[in-house]
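Note sheet for the following structure.
The values are calculated or read from the model by the stated rules, or taken from the named source; none is laboratory data. Please read all numbers here as calculations on a predicted model, not as lab measurements. Glycine also receives a Cβ, built like all others from the backbone with ideal geometry; neighbour counts cover every protein chain displayed. Just the protein is used for accessible areas: all its heavy atoms, side chains included, with ligands, DNA and RNA removed. Shrake-Rupley method; radii C 1.70, N 1.55, O 1.52, S 1.80 Å.
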Amino acid sequence: MTTRTDTPTAWDERTQLTTFLDYARATARAKCEGLTEDDAGKAPLPGSPLMTVKGLISHLRWVEHWWLDVVFLDHELEGPLADATDEDPDPEMRLAVDIPLARLLAEYEEQNVRHRELVAAHGLDTRAARPLGNGDHADLRWILLHLIEETSRHNGHLDVVRELLDGTTGV
């Protein structure tokens, strides 16, 4: 069982932000517990063929890569997002159905560990190396808030998908 807490160990801004991000990440992992490999690759929403548990976990992993490695650190974009096109805007979700869920979760967790270290090594006011679409350079604080929002929003999708797959609710 995945251990989760949204109560920070200290009440400073950094600890609160990182605690909520870790809580959202742990919630995504918890929503995968007990799911069969077959069900993890199913898309139960008729209008959303890419909305699978595997696809959502893969998306969360690669979204973090985009924001922290690519935008914040100015590293090269790698992985399936590098192949995104107008015709295939979400290859990380499409390709995930062929990857074991355990591998997707392990890669997500390994990346989370690296990103915790990255966040700990930078001030919240540190500006991203790459600009946003409007030319502004987001600070690390905004990126963390965005990742909390993004992960939490997709946890809602995981809620719906999981309930449709096997009736599991309340994780």
Return only the number of the condition from (1) of a type in the set (Gly, Ala, Ser); (2) closer than 27 Å to residue 36 by Cα; (3) in contact (Cβ under 8 Å) with a residue 12 or more places away in the chain that residue 106 does not satisfy. (3)
Is it true that residue 52 is polar (S, T, N, Q), under 13 Å from residue 165 (Cα atoms) and surrounded by fewer than 18 Cβ atoms within 10 Å (Cβ to Cβ)? no
Please specify each residue of the range 2-45 satisfying the condition of being over 21 Å from residue 123 (Cα atoms) and at pLDDT below 95. 2, 3, 4, 5, 6, 7
Could you please find all residues in the range 8-35 being free of Cβ contacts under 8 Å to residues at least 24 places away in the same chain and either open to solvent by less than 40 Å² (accessible area, probe 1.4 Å) or in contact with a helix residue (DSSP H, G or I) (Cβ under 8 Å, 6 or more places away or on another chain) (or both)? 8, 9, 10, 15, 19
If I ask for residues that are of a type in the set (Ser, Thr, Tyr) and not in a loop (DSSP other than H, G, I, E, B), which ones from the range 1-60 would you list? 15, 18, 19, 23, 27, 58
